[in-house]
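To keep things clear, I will list the structure first and then write my remarks on it.
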Amino acid sequence: MARPVTLFTAQFSDMPFDKLCRLAADCGYDGLELATFGGYPDIEEAAKSKKYCDALLKKLDRYHLKLWAISNHFAGQLVCDPNNDSRSDCFAPAKCAGNAKAKREWAVKCMKASAKAAHNLGVDVVTGFTGSPIWHLFYSFPPVSPDEIEKGYQFFADQFNPIMDAYGKYGIKFALEVHPTEIAFDLYTAKRALEAIGHREEFGFNFDPSHLYWQGVDPVKFLRAFPDRIYHCHIKDAAVTLDGESGILASHFNFGDPRRGWDFRSPGHGEVDFEAIIRTLNQIGYAGPLSVEWEDCGMDRVFGAHDACEFTRQLDFSPSGQKFDSVFK
């Protein structure tokens, strides 16, 4: 089982599309996980125009690249976030800037359109975020009541159930990237999110071990907890660099600052046990793409794209079709 190896385009979204396709092809990727950050695809155009989608697929084919998933992380973030500061203004059209209600309404519409866009593009997975109305309450001081947390999960369900109805209509899965600032950021909150949304089939997870690892969550245990909900898989690494001065909350230092208590690394250059992950993906029957999300402030990204593709190719292996000792029978 040679899983396809794809490149998540988010960190390369400033590149012209043809240049990015050429880079991915030169690196040896099988395809792309298209993020909306760079305008490709244009979700609203992809949702209404099959001609637009066919042209996009034709361009990918010119570079021998395929598509297994698209991403709409920015719009998803706005669905449940408070949206009460300017940091997320750039996630939505300029006319929504500074207006929390307008940002959320646009985001819900855009997330529903993502299902139709995926259908028109011939893929069955949309990866993304949900945002969270309660992430800012993760540390319980001033004291946070259980009722406040429960209301947060109910708000998530109220917002995402209608979105998932659109996904169900087109047979599309939504894969939440379990991630700090989302309604699900570790194993327990992922369970709670599934419960809140009624375990509906359309809602599952984009497994990214890097976000779990630095929190101290075992990525393998996460896979084993949700064997039927892993709809997509990112290959991204992380390293914990606690030195007695830094903390796991990173001290407000930005990525790449050596004083941080942890940071992302290019695949194979951190501390994530990817072999254990591949073995577990084999056990749960995951046959989808391994999508490289390259994030490493200490490495040139073009070098990183090549290096990460080679690492992921060498990483992947199929499960055994027999027991090793069966030859003695």
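The values are calculated or read from the model by the stated rules, or taken from the named source; none is laboratory data. What you see is a predicted model, and the numbers here were worked out from it, not measured in a lab. FYI the Cβ positions are ideal-geometry reconstructions off the backbone, even for glycines, and counts take in every protein chain you see. Quick note on the areas: whole protein, heavy atoms, side chains included, nothing else; ligands and nucleic acids left out. Shrake-Rupley method; radii C 1.70, N 1.55, O 1.52, S 1.80 Å.
Before moving on, here are some points about what is shown:
- Some residue of the range 242-264 being β-branched (Val, Ile, Thr) and within 19 Å of the chain's Cα centre (by Cα): no
- Members of the range 208-218 that are of a type in the set (Asp, Glu) and either open to solvent by less than 10 Å² (accessible area, probe 1.4 Å) or part of a helix (DSSP H, G or I) (or both): 208
- Among the residues making up the range 39-76, those that are open to solvent by 30 Å² or more (accessible area, probe 1.4 Å), under 18 Å from residue 8 (Cα atoms) and in a helix (DSSP H, G or I) are 57, 59, 61, 74.
- A Cβ distance below 8 Å, combined with a sequence gap of six or more or placement on separate chains, defines the contacts here; from the range 167-192, residues that are farther than 18 Å from residue 155 by Cβ reach residues that are acidic (Asp, Glu) and surrounded by fewer than 21 Cβ atoms within 10 Å (Cβ to Cβ) in the pairs 168/201; 171/124; 172/124; 173/124; 173/201; 178/186.
- Any hit, the range 79-86, residues being under 30 Å from residue 137 (Cα atoms), assigned to a helix (DSSP H, G or I) and of a type in the set (Ser, Thr, Tyr): yes
- Within the range 115-129, residues that are under 17 Å from residue 287 (Cβ atoms) have Cβ atoms under 6 Å from residues that are open to solvent by less than 10 Å² (accessible area, probe 1.4 Å) and not in a strand (DSSP E or B) in these pairs: 124/172, counting only partners at least 6 apart in sequence or on another chain.
- Subset of the range 1-35 [among the basic types (Lys, Arg) and within 21 Å of the chain's Cα centre (by Cα)]: 3
- Considering the conditions (1) open to solvent by less than 40 Å² (accessible area, probe 1.4 Å); (2) among the small types (Gly, Ala, Ser); (3) over 21 Å from residue 105 (Cα atoms), residue 145 is excluded by exactly one of them, (1).
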